[in-house]
């Protein structure tokens, strides 16, 4: 079971620039026996199968792509190397609407504890807290994206307990009943799906590169996105459609 402690954490270390844009262009695993042997040894050392490694890469990158699609740009590093309390991790700072209230890097439960007393009651003006309502929508959409991304490529996405726990905590800031929370999470899932569906080829390319690199900075991942999108722009329509169909068929 994947334990996802991938809610953004403040103060991640960024890596330098890379040639990831060129790597993205091929969208295929390097056909090199030495690379494959090293990869097999790595997987054995961390107790993963290749499919589990792909799942984790897709999961974390789905968080990242939705983060970028929403214009948040708060994730500044991804790793798929495991630690004691996670299998994959996104690092970054929280949105301004949360940081203004002094809760940078906190767990979603801590955010709710701090913000709940400040939220408007029924009948009160909500304009002053509109930025928090928007931040909840964006953050929950981003949290749901990992499991959604897995579901786009694999038959049985792993239940992301920590993502859903934190999403539920944030949803309780704007929802007044369990039924409302469930509907809000479903809405955010659909939002995440719609955003990811536009970038299937990008996600396919990025998961290959991340499985090779293991840890990448936000700027490196942004270069990958730019490289893949540039390649797509140069394709003839028929080539682009064929590539999209191959991407949609799985990773």
>> Cβ-Cβ under 8 Å, sequence separation 6+ or interchain: first residue in the range 156-168 and touching a residue at least 12 places away in the same chain (Cβ under 8 Å) and on the phi < 0 side of the Ramachandran plot, partner surrounded by fewer than 19 Cβ atoms within 10 Å (Cβ to Cβ) and part of a loop (DSSP other than H, G, I, E, B). Which pairs?
In response: 158/1; 159/1; 161/1; 161/3; 162/3; 162/5; 166/107
> If you scan the range 45-97, which residues turn out to be touching a strand residue (DSSP E or B) at 6+ places or on another chain (Cβ under 8 Å) and more than 21 Å from residue 193 (Cα to Cα)?
Replying inline: 76, 77, 79, 80, 81, 82, 83, 86, 87, 91, 92, 93
> Which one of 214, 176, 183, 164 is over 30 Å from residue 117 (Cβ atoms) and either modelled with pLDDT under 90 or out of contact with any helix residue (DSSP H, G or I) (no Cβ under 7 Å at 6 or more places or on another chain) (or both)?
Replying inline: 214
> Of all residues in the range 201-224, which are buried (at least 20 other Cβ atoms within 10 Å of the Cβ), under 14 Å from the mean Cα position of the chain (by Cα) and assigned to a helix (DSSP H, G or I)?
Replying inline: 202, 203, 204, 206, 207, 210, 218, 221
> Which residues, taken from the range 80-129, are touching a helix residue (DSSP H, G or I) at 6+ places or on another chain (Cβ under 9 Å), more than 28 Å from residue 60 (Cα to Cα) and either assigned to a helix (DSSP H, G or I) or at pLDDT below 80 (or both)?
Replying inline: 118, 129
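Being without any contact (Cβ under 8 Å) to a residue 40 or more places away in the chain and either in contact with a strand residue (DSSP E or B) (Cβ under 9 Å, 6 or more places away or on another chain) or within 17 Å of residue 65 (Cβ to Cβ) (or both) is the filter here, so list the residues in the range 214-237 that pass it.
229, 232, listed by residue number.
The values are calculated or read from the model by the stated rules, or taken from the named source; none is laboratory data. Everything quoted here is computed from the prediction, not taken from an experiment. Ideal geometry is used to build each Cβ from the backbone, glycine not excepted, and the neighbour counts take in all protein chains shown.
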